[in-house]
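Below: the structure, in structure tokens.
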Amino acid sequence: MTQHLIDTGPLVAFLNGRDHHHGWACETLGSLEPPLLTCEAVISEACFLLRDIEKGPESVLALVGREIVVPNFALRDEVEAVARLMQKYASVPMDLADACLVRMTELHRETALLTLDGDFRIYRRNRREAIPIIAPEGAP
């Protein structure tokens, strides 16, 4: 069974009704069986980006509290692998959340990543494998 990972963009789009990808995010997330796995860096980014939306950060944390979105990554255990990824993709550039998600796809083989970020078409897991992504049509 495929497990789904979620990046910051779809999480923000789901919670922000004015986001361009809100409809896609609602439809897509509604069709998937929770939990959606992620990392704490994604949760932090989403809370920050939703800070000006009423109850934005609280809504992110409510999804975590209800175990719809589950941070399931221990950076302390994967810091060397994450650092290598960030160094390899420094020219893109790769941020911490993206590096953690790429590493998660390496650790959880049967995964697909929900993202709006076209950089995941560049990144490779295990050095040469394309990362299975779910993104709206026309996304970068």
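The values are calculated or read from the model by the stated rules, or taken from the named source; none is laboratory data. Everything numeric in this text was worked out from a predicted model, so none of it was measured. As a convention, Cβ positions derive from the backbone with ideal geometry for all residues, glycine included, and neighbour counts pool all protein chains shown.
Candidates are the residues of the stretch 46-63 that are outside any helix (DSSP H, G or I) and touching a residue at least 12 places away in the same chain (Cβ under 8 Å); the one that is surrounded by the most Cβ atoms within 10 Å (Cβ to Cβ) is 50.
In the set (1) crowded, with 21+ Cβ neighbours inside 10 Å; (2) closer than 21 Å to residue 138 by Cβ, the condition left unmet by residue 69 is number (2).
For residues that are farther than 15 Å from residue 4 by Cβ and either modelled with pLDDT under 95 or among the polar types (S, T, N, Q) (or both), tally how many sit in the stretch 55-75. Lay out the reasoning, then the answer.
Step one: list which residues in the stretch 55-75 are farther than 15 Å from residue 4 by Cβ, which gives 55-62, 64-66, 74-75.
Imposing the further condition that a residue be either modelled with pLDDT under 95 or among the polar types (S, T, N, Q) (or both) reduces the set to 59.
Residues in the stretch 55-75 being farther than 15 Å from residue 4 by Cβ and either modelled with pLDDT under 95 or among the polar types (S, T, N, Q) (or both): 1 in total.
Quick one: count up the residues across the stretch 1-24 that are of a type in the set (S, T, N, Q) and either surrounded by fewer than 19 Cβ atoms within 10 Å (Cβ to Cβ) or touching a strand residue (DSSP E or B) at 6+ places or on another chain (Cβ under 6 Å) (or both).
2
Scoring residue 93 on the criteria (1) within 22 Å of residue 130 (Cβ to Cβ); (2) part of a helix (DSSP H, G or I) leaves a single failure, condition (2). Quick check: is even one residue across the stretch 102-119 of a type in the set (S, T, N, Q), touching a residue at least 40 places away in the same chain (Cβ under 8 Å) and more than 18 Å from residue 31 (Cβ to Cβ)? Yes.
Note on the stretch 1-24: residues that are over 17 Å from residue 131 (Cβ atoms) and among the acidic types (Asp, Glu) amount to 1.
Find the residue count for the stretch 117-140, including only residues that are β-branched (Val, Ile, Thr) and either closer than 15 Å to residue 8 by Cβ or in a helix (DSSP H, G or I) (or both). It would help to see each step written out before you state the result.
Pass one, the stretch 117-140, residues β-branched (Val, Ile, Thr): 122, 131, 133-134.
Of the ones still in play, those that are also either closer than 15 Å to residue 8 by Cβ or in a helix (DSSP H, G or I) (or both) are 133-134.
Residues meeting the conditions: 2.
In this structure, is residue 81 over 13 Å from the mean Cα position of the chain (by Cα), among the small types (Gly, Ala, Ser) and over 19 Å from residue 45 (Cβ atoms)?
yes
Just one residue in the set 40, 27, 78 is surrounded by fewer than 21 Cβ atoms within 10 Å (Cβ to Cβ), within 22 Å of residue 129 (Cα to Cα) and modelled with pLDDT of 95 or more; that residue is 78.
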